[in-house]
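Encoded as structure tokens, the structure appears first; notes follow it.
What follows draws every value from the coordinates through simple rules; no lab data is involved. Values in this document were obtained by computation on a predicted structure and should not be read as measured data. Cβ coordinates were reconstructed from backbone atoms using ideal geometry, including for glycine residues, and neighbour counts include every protein chain displayed.
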DNA sequence: GTCTATACCCGGATAGAC
DNA sequence: GTCTATCCGGGTATAGAC
């Protein structure tokens, strides 16, 4: 067996990569992916997309794998837990729709680049000092803060910096 | 002006109440509301629904208002923060789709029964000792934990009781 | 191989007849 | 109060032209 006989994910053709790039753009700009509008964007008809990728879930999986690695790089650059929290929030606010694709709903793990999810998670685990329960609590706090902010759940005058500081200080004792 | 001249929400007719009850059932059982299947459930055609309620968002808003009050009653019964956390998680696990309707995405506040959202939030604020930053951090933690659990984001062998305990202990110092 | 046209099924919603 | 007919928007499968 050759090394790239891996089933997940199938290696993408150059044309498929172009489609995925356009889909990422569409997601960022429109907030969702529509196969029909994605085809418009590329100047082709919707069914043509299916010659390059098996369907919408495959397009999403490719975006997810890429974005996990992108996010991981930013998280790895953080030196302190406070920086990690800030990096996490910044990524979510800069790419809200991509954030939701990565962290909301069930993850199609079978379709993802192996290791991509784990690499994004690693900095959080490290910051928790190796305690998995604490790491999960910190992750849940950050995820909850980001989603509540993206979903406009906090009052307009809420001091979110202070809430982040309060949470991180309590959870990690910084 | 009479007391019930309130614009939000419009008082529902008995028939509309029946429709909303059926929609709640559908949401719990199927995980989503479809106006077509909702009509099937009631033995009528989809367009007939629109004679009683203006559309799907109105159906959802009625369910949300009811469910906020339902959840509030359960949260108010909690005596300690540990109990409140347990009550929060239990509600989410018993009614996962309703939970998402209540707490995920933008809330159609204009359509809701006034005060319903605030009443569900009050016990959390009280448990935080009146500190709004801390209350937001606790809420974010609980929301994140619940969503990550519902979305199957934790490993199967994760000890979620321990993660809840770790988070609540840190955040409130119990 | 790459595209197109067509069509199917699902969804929410509206107009107008009974 | 309910109906039928209809529109628009999705994802996607198939057939066939180039």
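Whole Å is fine, so just give me how far the alpha carbon centre of the range A:25-90 lies from that of the range B:31-84.
32
Most exposed first by the Cβ proxy, i.e. fewest other Cβ within 10 Å, how do A:106, A:134, B:17, B:136 rank?
Listed from fewest to most nearby Cβ atoms, that is A:106, B:17, A:134, B:136.
Assuming a ≥ b ≥ c are the square roots of the Cα gyration tensor eigenvalues, decide whether the protein assembly as shown counts as rounded (a/c under 1.5), prolate (otherwise, with a/b larger than b/c) or oblate.
In terms of gyration-tensor shape, oblate.
Taking 0.36 nm per residue of separation and subtracting the Cα-Cα distance, what length does fully extending residue B:93 through residue B:13 add?
Taking residue B:93 through residue B:13 to full extension adds about 25.7 nm, to one decimal.
Could you check the spin-label model distance between residue A:165 and residue A:30? Points 7 Å from the Cα along Cα→Cβ, value in nm.
Calculated label separation equals 4.2 nm.
So how far, in whole Å, is the C-alpha centre of the range B:94-122 from the one of the range A:127-174?
21
Where the label is 7 Å out from Cα toward Cβ, how close does residue B:40 come to the same position in every other copy, in nm, shortest first?
Listed shortest first, these distances are 3.0 nm.
Compute the helix-to-body angle for A:116-127: its Cα long axis versus the longest principal axis of chain A, expressed 0 to 90° and rounded to tens.
10
For the range A:3-171, what does the relative contact order come out to in percent, with C-alpha contacts under 8 Å and a separation of six or more?
Relative contact order here is 23 percent.
Using the alpha-carbon atoms, what tilt in degrees (0 to 90, nearest 10) does helix B:81-94 show relative to the longest principal axis of chain B?
It is inclined by approximately 40 degrees.
Note the angle between two axes, namely the Cα long axis of helix A:14-30 and the longest principal axis of the Cα atoms of chain A, as a number of degrees from 0 to 90, rounded to the nearest 10.
50
Enter the per residue convex hull volume of the range A:3-171, computed from alpha-carbon coordinates, in Å³ rounded to the nearest integer.
129
Ordered shortest first, which distances in nm separate the 7 Å Cα→C-beta label point of residue A:28 from those of the other copies?
Label point to label point, same position, other copies: 4.4 nm.
Highest mean first, what order results for B:158-167, B:111-120 on Cβ atoms within 10 Å?
B:158-167, B:111-120
Where a ≥ b ≥ c are the square roots of the eigenvalues of the C-alpha gyration tensor, would you call the range A:95-145 rounded, which needs a/c under 1.5, or, failing that, prolate if a/b is larger than b/c, or oblate?
oblate
Select the chain B residue whose beta carbon lies nearest to the rotation axis carrying chain B onto chain A, and write the distance in whole Å.
Minimum Cβ distance to the axis, with residue: B:144, 2.
Taking a ≥ b ≥ c as the square roots of the Cα gyration tensor eigenvalues, with a/c under 1.5 meaning rounded and otherwise prolate when a/b beats b/c, else oblate, which class fits the range B:1-92?
The shape class here is oblate.
To the nearest 500 deg cm²/dmol, what mean residue ellipticity at 222 nm is calculated for chain A from DSSP H runs of n ≥ 4 alone, each contributing -39,500 (n - 2.57), summed and divided by the residues?
-21000 deg cm²/dmol
Please compute, for peptide A:147-157, the average count of beta-carbon atoms on other protein chains lying within 10 Å of each residue's beta-carbon.
Across the residues of A:147-157, the mean count of other-chain Cβ atoms within 10 Å is 4.
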